[in-house]
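S.K.: Dropping a structure here in structure tokens format, bear with me for questions.
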Amino acid sequence: EGDRVRRGDLLLALDDERYRSARSGMEAALQGAQADLDLAEAQFDLSRQTLDRQEKLFKESLTSDESLQSARTQVKVASARVTASRENLRGRRATLAETSKDLDETIFRSPLDGVITALNVEEGENVMTGTMNNPGTVILTVADLDTMQVEADVDETDVVRIRPGLRARVRVDAWEDSVLAGTVTTVGMSGRRGGQSAQQQATNFAVEVRIGNPPEGLRPGMSADVEILAGEKDSALVVPIQALTAQPEKVWKRWQDWRANPPKTKARKVLAQAADTSKAGVNEKLVEGIFLLRSGKAVFVPVNLGLRGDTDVEVAGEIKPGDQVVTGPYRMLRALKDGDAAKPEKDKAGKGKVSVKGS
């Protein structure tokens, strides 16, 4: 383990006594089949000669019709024996090729230039041949450490934006302060589930990222985190992910009517109760948006979402740089209503925070 090998180098040899005996037996059987074919062809030639003589004698009325028919039958029998012998010889050759292949496969040579990264069996130990239900013994592993890749699990909501060729950043636990450059090579087509329970199961897709110029000391099996650059822009308007919320479409339309025709105090109370987002239907269309702080009030603004990061998301709509955005727990934002009075929170140092609370 740890030795370097080149392509074609001998790695190991299995005990081949049984395979050599099998090939020797098939070589002898092949020679016997060839002798049978030679004998059948000689008998066929002899029967043809006998038939030719019987036909000449029959024309001169020197032999009977029964003798002529018997000679013809002997020719057919001899021809059938030649055909059977040829097929038997062909079968013996195929079996010999199979036994020769089995013997050749007792020798293992390196298929590539690389390093022995795992050596599970020592000289003289037994190995098992793999079957349909039982995997065979993994004797050793050869790896090309000049080409390294990492397999990452990507959530189903993000994998739709990933394709081969995208750039990625790989952080290996062994090098906490280093970031390795990588490229997406393969995106899994079928998901795999995991989780503690059926309700918590998440579907992930395997994405392979090839690391460019892997550093010396990087080994297979190390843990790593992968960040894939699904998209990029030179300039974008972003807000914190905690500012996102969604409102039922009918509620948003009521808020628009409310802005155009402000109701009286009593009517506003009734409208506020009707606009309770907790009563939205399960299949009702939702409008994604954020709340902005304008003139001491929380104003709901629909937005279109773009690129997403770990903490921020790109937005487009009736929002411009410098607007104060309401952030907070999702449950609080769902309960917040358009037009609610709000003010910035203050921390203990007296500095303003991004989040606001209704009053």
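The values are calculated or read from the model by the stated rules, or taken from the named source; none is laboratory data. It should be emphasised that the depicted structure is a prediction, and the values quoted were computed from it without experimental measurement. Here the Cβ is made from the backbone with ideal geometry for all residues, glycine too, and neighbour counts use every protein chain on show. Just so you know, the surface numbers come from the protein's heavy atoms only, side chains and all, with ligands and any DNA or RNA stripped out. Shrake-Rupley method; radii C 1.70, N 1.55, O 1.52, S 1.80 Å.
S.K.: Please go through segment 306-326 and give me each residue that is exposed (fewer than 14 other Cβ atoms within 10 Å of the Cβ) and part of a strand (DSSP E or B), ordered by number.
M.R.: The answer is 316, and nothing else.
S.K.: Hey, any hits in segment 129-146 for a residue that's open to solvent by 40 Å² or more (accessible area, probe 1.4 Å), closer than 19 Å to residue 210 by Cβ, at pLDDT below 85 and not acidic (Asp, Glu)?
M.R.: yes
S.K.: Taking the condition outside any loop (DSSP other than H, G, I, E, B), touching an Asp or Glu at 6+ places or on another chain (Cβ under 8 Å) and open to solvent by 70 Å² or more (accessible area, probe 1.4 Å), does residue 250 pass?
M.R.: Numbers: outside any loop (DSSP other than H, G, I, E, B): yes; touching an Asp or Glu at 6+ places or on another chain (Cβ under 8 Å): yes; open to solvent by 70 Å² or more (accessible area, probe 1.4 Å): yes.
So residue 250 fits the description; yes.
S.K.: Where in segment 200-246 are there strands (runs of 3 or more DSSP E), lying wholly inside it, with at least 2 residues that are of a type in the set (A, V, I, L, M) and under 23 Å from residue 187 (Cβ atoms)?
M.R.: Where strands (runs of 3 or more DSSP E) fall fully within segment 200-246 and carry at least 2 residues being of a type in the set (A, V, I, L, M) and under 23 Å from residue 187 (Cβ atoms), they are 202-211, 224-228.
S.K.: Within segment 1-31, how many residues are over 47 Å from the mean Cα position of the chain (by Cα) and free of Cβ contacts under 8 Å to residues at least 12 places away in the same chain?
M.R.: Looking only at that region, the number is 2.
S.K.: Please identify the pairs in which a residue from segment 316-337 that is touching a residue at least 40 places away in the same chain (Cβ under 8 Å) has its Cβ atom under 6 Å from the Cβ atom of a residue that is of a type outside the set (Gly, Ala, Ser) and open to solvent by 50 Å² or more (accessible area, probe 1.4 Å), counting only partners at least 6 apart or on another chain.
M.R.: 316/304; 327/242; 327/354
S.K.: I'm told residue 124 meets every condition in (1) at positive phi; (2) open to solvent by 90 Å² or more (accessible area, probe 1.4 Å) except one. Can you identify the failing condition by its number?
M.R.: (2)
S.K.: How many residues are among the charged types (D, E, K, R) and in a strand (DSSP E or B) if we restrict to segment 154-173?
M.R.: The first filter runs over segment 154-173 and keeps only residues among the charged types (D, E, K, R), leaving 155-156, 158, 161, 163, 167, 169, 171, 173.
Pick out the ones that are also in a strand (DSSP E or B) and you get 155, 167, 169, 171.
So the count comes out to 4.
S.K.: Just to check your reading of the model, which residue among 6, 18, 23, 48 is closer than 30 Å to residue 115 by Cα and basic (Lys, Arg)? Show your work before the answer.
M.R.: Values: 18 fails: closer than 30 Å to residue 115 by Cα; 23 fails: closer than 30 Å to residue 115 by Cα; 48 fails: closer than 30 Å to residue 115 by Cα.
Every option except 6 fails the conditions.
S.K.: So, of the residues in segment 87-121 that are among the β-branched types (Val, Ile, Thr) and closer than 30 Å to residue 38 by Cα, which turns out to be most open to solvent (accessible area, probe 1.4 Å)?
M.R.: Here is the first cut: in segment 87-121, the residues among the β-branched types (Val, Ile, Thr) are 95, 99, 106-107, 115-117, 121.
Retained after the next criterion (residues that are closer than 30 Å to residue 38 by Cα): 95, 99.
Values: 95: 53, 99: 21 Å².
Out of the qualifying residues, it is 95.
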